[in-house]
Amino acid sequence: MNYHRTLKSAVAALAVAVPLCWSGIANAQDAVNLRMTIWSANEAHLKLFGDIAAGFKKDHPNVTVTYESLPFDTYTTALTTQIAGGNAPDMAWIFETAAYDFVNSGALYPLTDTLKATKGYNAEELSATAAERWTKDGKLFAYPFSTSPFAMFVNNDLIKASGAKTPAEMIAAGQWTWDNAIATASTVGKTGKGGLIVRDFNYQIWQNLASVWNGWGASPWSADGKTCTMTEKPMVDALTFIHDAVFKNKAMPGPGESVDFFAGNAAMTITQISRASLLPKDKPFAWDLVPLPKGPAGNYALIGQAGVGVMQAGRHAKTAAEFVAYMTNPENSAKLSQFFPSARKSLLNAEVLKKTNPLLSQEQIDKVVISGIATGKVIPGHTGFAQIQQAVRSGLDAVWRPDANIPTALQQICGQIGPLLKR
Amino acid sequence: MAVAQQTARPEGRSSSSFWTIARRDSLAGFLFIAPQLIGITLFVLIPLCLVFWYSLHEWNVLANTFTYTGLTNYQMLLEDTSLPSVLGATAIFSAGLVIFNLSLALLLAVLLNQKLAGITIFRTLFFSPVVVSLVAWTIVWGFLLQKNGGINGVLLVFGIEGPNWLREPVTAMISVIIVQVFKNVGLNMILFLAALQGVPNELYEAARIDGAPRFKQFRRITLPLISPTILLTSIITIVGSLQVFAQIAVLTQGGPGLTTTVLVYYLYQQAFQFHFFGYGSTLSIMLFVIVAVLTFAQWQMRKRIVFYES
């Protein structure tokens, strides 16, 4: 009797437990953990990304998104090492310089169909020029969620103290040219402070010099990317101008000299507008944000981009694409644009940008941000960029000497990178 | 031995029992060395074989392709126009490091071998850089060696305009060597100090009685008796010098030009920055061969230059 009772109880317990366990296993199988590598560890950025991930989870309760901050300097190297090690993230931010490598290699999952299928996404309003570098065969492989123009931050206190004209005064007088900008930087340089800094260039990240040489109409290679154009007159002239600014006019810190604009130690710096967050709050100085000066080739603008793509090697590419669609929908793009200017046309207006960039005036937004995004060229990039970057960096070391023979050095660089460009 | 085993076998056990004492001893021995053996297999032997395997392939990480190319990567070694500069920079760095490091370490050890008040403090001071984080150490030196950095600031006090240490081809290499020497000289210094303290005092007393001057005592007594330590430190320092990476990455990134691009930094660039994992593996095989040949040559030289009391 007891035996039968025990058997019945056991069967009843199993009848209850098995479905419960089964549903638990099924839930565990459905759970999706997406990982996205990013190069920002900024608390405000991470909070915003966290909020977007939480919003996605409301509609996709089984999906969790985590962000992994990798160091900026070695970001692409760390990312490719993860891929090589079989630990590819599901999604990744990608530098504009590495875009061709990622898009052309087939490393990224195509996003076009997912974006078009997402209700209210309005993919058509993404500017075609902004999407150019991230598109192949008519398909978008990464969404250029940050399209940030380069501009000139100015320390008016230092400039006025040196007796030079401020950029705003030169703009008003129609004199905002590279010659005048360097003259001002040189005047401040003579007071013992730094003149003009191309931020992050540091005689290594030479592609940031496009913020100067684009004013001469120079570029390191032809539009089709096949031919080195560093020996052509615009580049020789532009680099001679920069060389003179460094070694003759003392208008720019030389190699091996470190000066920080945001600590109040320099007159001007060229950088992206997102760096406004570095302006000092404790000991503020009178600052201004102005467009890049006019070069011999006329007015111009330069933009830096970041794309977010889904890795083919990830285990949940389809779900990750859905998350990218959610992350970059009109509503979330508006939120992101407080840090990362959007390439969506509806968000490129003074009203929206003023709300998200409270530090900037209406005029600064009009002249620098909107105009910059509309007309700017993207920083140079190429397939196999890391190798080309290194070859040019190494070759340009011969230029960053007081007695440099610039045309010869550029000839040698073209000899080095010519075969790399043709691959 | 067999007799001893039979004698030691407990009574009542069959002589055909599998677990003889010898076998049990062997098992115990293997169990003791198992952690080390597993570690070496997992983290040295298997990676070494894998690197050789990768060197026979072209591995495009982004495109997820892994193609067998035979000896193509080894052929590339011969055609690589940057390699002579890289090997030259590596040789200069190694030679400079070994000469400066060993000389300074020996000099410091001789000085710190005196019986003076507070000598322990000096020993600790010279040894302390060894325990400092390498990257932190290098970053601080990076600031000091800037054109407008601390070292040139000090030189300016004496009216000397210092060079642009990390940007001139000659000074860049010297700077990297000096930073590395100061970082690790303490380790060799301690080894030399231990060796010096092992030299019998009677030999010096006898030499003094014979009227040998101090330098002669050093040449004829000290150097021969510490020669095993000199061999050890030179092997450690040469192998270490061929593996330098962080200092180059932080201080010069291989520049100016290729003047400080040493072999490990170059293979890092090829494999991890340019994504040529196959060629990077080939370069690391070449580094392995260089280290093996140099170590073997030094080991052979011991017969000629190392003095063993026995």
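The values are calculated or read from the model by the stated rules, or taken from the named source; none is laboratory data. This is a predicted model, so every value here is computed, not measured. In this analysis, Cβ positions are derived from the backbone assuming ideal geometry, glycine residues included, and neighbour counts consider all displayed protein chains. When the accessible area is computed, the model is the full protein with side chains, heavy atoms only, and any ligands, DNA or RNA have been set aside. Shrake-Rupley method; radii C 1.70, N 1.55, O 1.52, S 1.80 Å.
Structure summary
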item: Qualifying residue in the stretch B:225-241 (condition: open to solvent by less than 10 Å² (accessible area, probe 1.4 Å) and within 14 Å of chain A (Cβ to nearest Cβ)); result: no
item: Of all residues making up the stretch A:90-134, the number that are within 14 Å of another protein chain (Cβ to nearest Cβ) and either touching a residue at least 60 places away in the same chain (Cβ under 8 Å) or surrounded by 22 or more Cβ atoms within 10 Å (Cβ to Cβ) (or both); result: 15
item: Whichever residue in the stretch B:50-99 is of a type in the set (Ser, Thr, Tyr) and more than 12 Å from chain A (Cβ to nearest Cβ) and, among such residues, is nearest to residue B:264 (Cα to Cα); result: B:90
item: Residues located in the stretch A:293-341, provided they are on the phi > 0 side of the Ramachandran plot and under 22 Å from the mean Cα position of the chain (by Cα); result: none
item: Close pairs from the stretch A:65-89: first farther than 16 Å from residue A:386 by Cβ, partner of a type in the set (Ser, Thr, Tyr), Cβ under 7 Å, at least 6 apart; result: A:68/A:37; A:69/A:40; A:89/A:37
item: Matching entry among A:204, A:175 (being out of contact with any Phe, Trp or Tyr (no Cβ under 8 Å at 6 or more places or on another chain), touching a residue at least 40 places away in the same chain (Cβ under 8 Å), of a type outside the set (A, V, I, L, M, F, W, C) and assigned to a loop (DSSP other than H, G, I, E, B)); result: A:204
item: In the stretch B:162-174, residue nearest to the other protein chains (Cβ to nearest Cβ) [restricted to those that are over 14 Å from residue B:247 (Cα atoms) and in a helix (DSSP H, G or I)]; result: B:169
item: Residue check, residue A:325 surrounded by 15 or more Cβ atoms within 10 Å (Cβ to Cβ) and not in a loop (DSSP other than H, G, I, E, B); result: yes
item: Filtered residues of the stretch B:242-257 (kept if crowded, with 21+ Cβ neighbours inside 10 Å and either within 14 Å of another protein chain (Cβ to nearest Cβ) or of a type outside the set (A, V, I, L, M) (or both)); result: B:247, B:248, B:251, B:252, B:254, B:255, B:256
item: Unmet criterion (only one of (1) at pLDDT below 95; (2) touching a strand residue (DSSP E or B) at 6+ places or on another chain (Cβ under 8 Å); (3) within 25 Å of residue A:375 (Cβ to Cβ)) for residue A:124; result: (2)
item: Selection within the stretch A:184-213 - among the small types (Gly, Ala, Ser) and over 30 Å from the mean Cα position of the chain (by Cα); result: A:192
item: Residue check for residue A:264: open to solvent by less than 40 Å² (accessible area, probe 1.4 Å) and touching a His at 6+ places or on another chain (Cβ under 7 Å); result: no
item: Identity of the residue in the stretch A:242-254, touching a strand residue (DSSP E or B) at 6+ places or on another chain (Cβ under 9 Å) and touching a residue at least 40 places away in the same chain (Cβ under 8 Å), that ends up most open to solvent (accessible area, probe 1.4 Å); result: A:250
item: Residue that is farthest from residue A:66 (Cα to Cα), among those in the stretch A:94-103 that are touching a Leu at 6+ places or on another chain (Cβ under 9 Å) and not in a helix (DSSP H, G or I); result: A:98
item: Test: residue in the stretch B:270-280 that is in a helix (DSSP H, G or I), open to solvent by less than 30 Å² (accessible area, probe 1.4 Å) and more than 14 Å from chain A (Cβ to nearest Cβ); result: no
item: Those residues of the stretch B:148-161 which are touching a Gly at 6+ places or on another chain (Cβ under 9 Å) and either within 9 Å of chain A (Cβ to nearest Cβ) or open to solvent by less than 40 Å² (accessible area, probe 1.4 Å) (or both), in sequence order; result: B:148, B:149, B:152, B:153
item: Residue count for the stretch B:89-114, restricted to those that are without any contact (Cβ under 8 Å) to a residue 60 or more places away in the chain and open to solvent by less than 30 Å² (accessible area, probe 1.4 Å); result: 0
item: Hits in the stretch A:377-388 (condition: touching a residue at least 40 places away in the same chain (Cβ under 8 Å), open to solvent by less than 30 Å² (accessible area, probe 1.4 Å) and either touching a His at 6+ places or on another chain (Cβ under 8 Å) or within 10 Å of chain B (Cβ to nearest Cβ) (or both)); result: A:384, A:385
item: Subset of the stretch B:287-310 [open to solvent by 100 Å² or more (accessible area, probe 1.4 Å), free of Cβ contacts under 8 Å to residues at least 60 places away in the same chain and not hydroxyl-bearing (Ser, Thr, Tyr)]; result: B:296, B:303, B:304
item: The listed residue being more than 14 Å from chain B (Cβ to nearest Cβ), in contact with a Leu (Cβ under 7 Å, 6 or more places away or on another chain), modelled with pLDDT under 95 and not in a loop (DSSP other than H, G, I, E, B), out of A:210, A:267, A:276; result: A:276
item: Residue check, residue B:65 farther than 29 Å from residue B:187 by Cα, surrounded by 13 or more Cβ atoms within 10 Å (Cβ to Cβ) and without any contact (Cβ under 8 Å) to a residue 40 or more places away in the chain; result: no
item: Boolean, residue A:372 is under 25 Å from residue A:97 (Cβ atoms), part of a helix (DSSP H, G or I), within 12 Å of chain B (Cβ to nearest Cβ) and of a type in the set (Gly, Ala, Ser); result: no
item: Residue that is surrounded by 18 or more Cβ atoms within 10 Å (Cβ to Cβ), assigned to a helix (DSSP H, G or I), of a type in the set (A, V, I, L, M, F, W, C) and modelled with pLDDT of 95 or more, where the choices are A:182, A:197; result: A:182
item: Which listed residue is open to solvent by 10 Å² or more (accessible area, probe 1.4 Å), in contact with a helix residue (DSSP H, G or I) (Cβ under 6 Å, 6 or more places away or on another chain), in a helix (DSSP H, G or I) and small (Gly, Ala, Ser), from B:206, B:195; result: B:195
item: Number of the exception - residue B:87 against (1) under 28 Å from the mean Cα position of the chain (by Cα); (2) at pLDDT below 95; (3) in a helix (DSSP H, G or I); result: (2)
item: Any hit, the stretch B:175-183, residues being buried (at least 16 other Cβ atoms within 10 Å of the Cβ), within 14 Å of chain A (Cβ to nearest Cβ) and part of a loop (DSSP other than H, G, I, E, B); result: no
item: Output for the stretch A:334-373, where each listed residue is of a type in the set (Ser, Thr, Tyr), closer than 23 Å to residue A:133 by Cβ and surrounded by fewer than 21 Cβ atoms within 10 Å (Cβ to Cβ); result: A:346, A:371
